[in-house]
Amino acid sequence: MKKRIILFLLGIILFISALPLSIKMIMEYFHTQQMHSRYKIEVISNRYPPPAQKFTVLSHSVEIDETIIEEGNYTDRWNYDIAIANLTIKIDGETLATLENYPIRAKNEGIQKYHGNISFIGLFDKKEEERKLFVVLRNTKDEITNENGVNIISSPPLEEIKYTIHTIDEEGHIESATFSQNKRSAIQTLVLNNSGTSPMAVGYYTDTWHMYPSVFFQFSTFFLGIILIIFYFPIRKVKE
């Protein structure tokens, strides 16, 4: 009986400790399904071949003016050759944003050169029946470190990364919002996850679904707690 009570109490401890995050993971799962059901997403840079520095999307003309500042001995964490450039983004001929001294993938084609820092996302809202263009800019630049005489481009700590999203509707109206890696709205999370500008996939309620093996340990703890509670529930035997 003593062993039964100990295992039952262990089950309660495991269940209670895993319950808060498990609830968030369930909420995240259904939230993700709802977002994917409501919105149709097109990542413009994933087109083949990728658009050049001047292209048209959702009836808007997009242009990126690029000025190379330095073509040094740089590589990023995926071993892409990196150049440093000043970038000016224009929408319908008007300057939207300017990025100074930003790393670009020198040998990539078209707008794939700006992977990780600039992204263009087309979003169709099935509920409202409207299309919008999202221009995602990573405000926090990658850091340059020197390893064995080679300059390496690496990402800064997650809590320091900030972004700006410019939202352009079909009439050309622009709304802008700045947010951090760890504090985002639902639509910002959806766009960020498809933009290629975030160092890792993120969730709205929790990032655990994207953190293996954390997701495995979380559910293992939760279900093990339930199993121990069910099988070792201390039921007193009643004497006849």
Could you list, in sequence order, all residues of segment 86-102 that are crowded, with 19+ Cβ neighbours inside 10 Å and among the hydroxyl-bearing types (Ser, Thr, Tyr)?
102
For segment 146-162, state whether one or more residues are open to solvent by 60 Å² or more (accessible area, probe 1.4 Å), of a type in the set (S, T, N, Q) and part of a strand (DSSP E or B).
yes
Could we say that residue 108 is under 24 Å from the mean Cα position of the chain (by Cα), under 19 Å from residue 197 (Cα atoms), open to solvent by less than 80 Å² (accessible area, probe 1.4 Å) and not hydrophobic (A, V, I, L, M, F, W, C) here?
yes
So which residues in segment 116-140 are touching a residue at least 12 places away in the same chain (Cβ under 8 Å) and either surrounded by fewer than 19 Cβ atoms within 10 Å (Cβ to Cβ) or over 15 Å from residue 165 (Cα atoms) (or both), if there are any at all?
122, 124, 125, 126, 127, 130, 131, 139, 140
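Results for (1) open to solvent by less than 60 Å² (accessible area, probe 1.4 Å); (2) modelled with pLDDT of 80 or more, shown as yes or no for each residue.
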site	(1), (2)
171	no, yes
177	yes, yes
185	yes, yes
197	yes, yes
205	no, yes
225	yes, no
230	no, yes
235	no, no
Test for residue 154: is it small (Gly, Ala, Ser) and farther than 19 Å from residue 33 by Cβ:
yes
Residue 213 - would you say it is more than 23 Å from residue 117 (Cα to Cα), modelled with pLDDT under 85 and exposed (fewer than 13 other Cβ atoms within 10 Å of the Cβ)?
yes
With respect to residue 113, determine if the residue is within 17 Å of residue 168 (Cα to Cα), modelled with pLDDT of 90 or more, among the charged types (D, E, K, R) and touching a strand residue (DSSP E or B) at 6+ places or on another chain (Cβ under 6 Å).
no
For segment 55-85: of the residues being polar (S, T, N, Q) and open to solvent by less than 50 Å² (accessible area, probe 1.4 Å), which is farthest from the chain's Cα centre (by Cα)?
61
Being within 30 Å of residue 206 (Cα to Cα), out of contact with any Cys (no Cβ under 8 Å at 6 or more places or on another chain) and in a strand (DSSP E or B) narrows 70, 63, 28, 42 down to just 42
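The values are calculated or read from the model by the stated rules, or taken from the named source; none is laboratory data. In this text the structure is predicted, and so the values were computed from the model without any measurement. Reconstructed Cβ throughout: ideal geometry from the backbone, glycine too, with neighbour counts over all protein chains shown. All accessible areas refer to the heavy atoms of the entire protein, side chains included, with ligands and DNA or RNA removed. Shrake-Rupley method; radii C 1.70, N 1.55, O 1.52, S 1.80 Å.
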